[in-house]
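The values are calculated or read from the model by the stated rules, or taken from the named source; none is laboratory data. It should be emphasised that the depicted structure is a prediction, and the values quoted were computed from it without experimental measurement. Cβ placement follows ideal geometry from the backbone for every residue including glycine, while neighbour counts extend to all protein chains displayed.
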């Protein structure tokens, strides 16, 4: 009785497995083809007809080569014979370049799983065929994208584009980097990127600081002096971007460097011209016109002001509009409080301020009335002494960038020095005039005194 129960359980399990297999066979999204030892098709599932374009009756009894591209049919029986002689499970994803052929003759890439099965004492081969056209297209698109990106990076002769590992060691090197910095890929890959920095920048930890900022904020941009292989310096614009994996883990950094030496020289030349223009114009209004013209050449803008601090009124700033070519006669003066104004903040903190969008709470009413939408303030700093601020604004939002701030800081330093010279000159002139007046008065007093004495002497005689 026990043996009979065990046999019934085994039979039920076998029937259940067969039923389950039939359901999977029919419902499978992949094509399933069963062949005998001779390679003739004995069974196919509905997905096979959909994939290859044949009716079931057209496939049953046909050699499996009917599903193979014509260019590969001649060699396929040999491969099939080798497998039949030593059958074994072969999973998908083996890396073979395999193709199927539809009834209409079109080819498509496939991945195939092979497995030997035995039914009714006969050995058969179960083949699962998966259409991987979309995957191949995605892989090809990715390869093309990677190739285009590589060609772009390698062909960018005016940009040094390279990758750093998380510690700052150089991992890749393009032609632009070799041209700009003078190192070949063999010389520089694996070296720390700090070798491009002047010694004074290395001493204060600038390379490490840049990576820390990029890792924390995602991006770091800077301009400054860098060193070529031959020891020469160039003025570089540098952008460092942190690269992270899907898990947020830092993978390294991308670094783009451009040579801005020519632009730097042009800016310094303009600042020099500004100094000459101002110093040859002792009239204050002519000096402001020269300042405005020079700043306009450096950074095109719609509105500019200079705010100066009067020690006699420590809570206020005297703001002077710079006369522009469009409105040379409408430049005005006004006073602004140090507290609660952008000018006051820049003067107090001695740091630049960049606003991509102004509003009535952030900027004086006069600037908003003029349609100014964005602007940049920098301190007028001369040899460590901040005497006021310089502001430039435009009628468009988000125009100025960090490079504009750097340019304005350079100009502001020169302007501050010129203003101080002008103020000292005017104080000297005023003092000189006062001394001349006092001298004239004393001389008059002396002449009067001498005249009186002579008159007294005659009277006594």
For this session: With the condition kept exactly as written, say whether any residue in region 57-70 is touching a residue at least 24 places away in the same chain (Cβ under 8 Å), farther than 16 Å from residue 33 by Cα and loosely packed, with under 14 Cβ neighbours inside 10 Å.
Result: yes
Seminar exercise, completed: So the helices (runs of 4 or more DSSP H) completely within region 157-219 holding 1 or more residues that are within 19 Å of the chain's Cα centre (by Cα) and more than 19 Å from residue 261 (Cα to Cα) are 206-217
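Test residue 117 against the criterion of being at pLDDT below 90, touching a strand residue (DSSP E or B) at 6+ places or on another chain (Cβ under 8 Å) and in a strand (DSSP E or B), and give yes or no.
yes
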Seminar exercise, completed: Residues of region 53-105 being in a loop (DSSP other than H, G, I, E, B), more than 21 Å from residue 25 (Cβ to Cβ) and out of contact with any strand residue (DSSP E or B) (no Cβ under 9 Å at 6 or more places or on another chain), in sequence order, are 74, 75, 86, 95, 103, 104, 105
Exercise. Just for region 228-260: of the residues that are farther than 13 Å from residue 160 by Cβ and touching a helix residue (DSSP H, G or I) at 6+ places or on another chain (Cβ under 7 Å), which one is modelled with the lowest pLDDT?
Worked result: 235
Exercise. In region 370-403, which residue that is exposed (fewer than 15 other Cβ atoms within 10 Å of the Cβ) and closer than 15 Å to residue 348 by Cα is modelled with the lowest pLDDT?
Worked result: 384
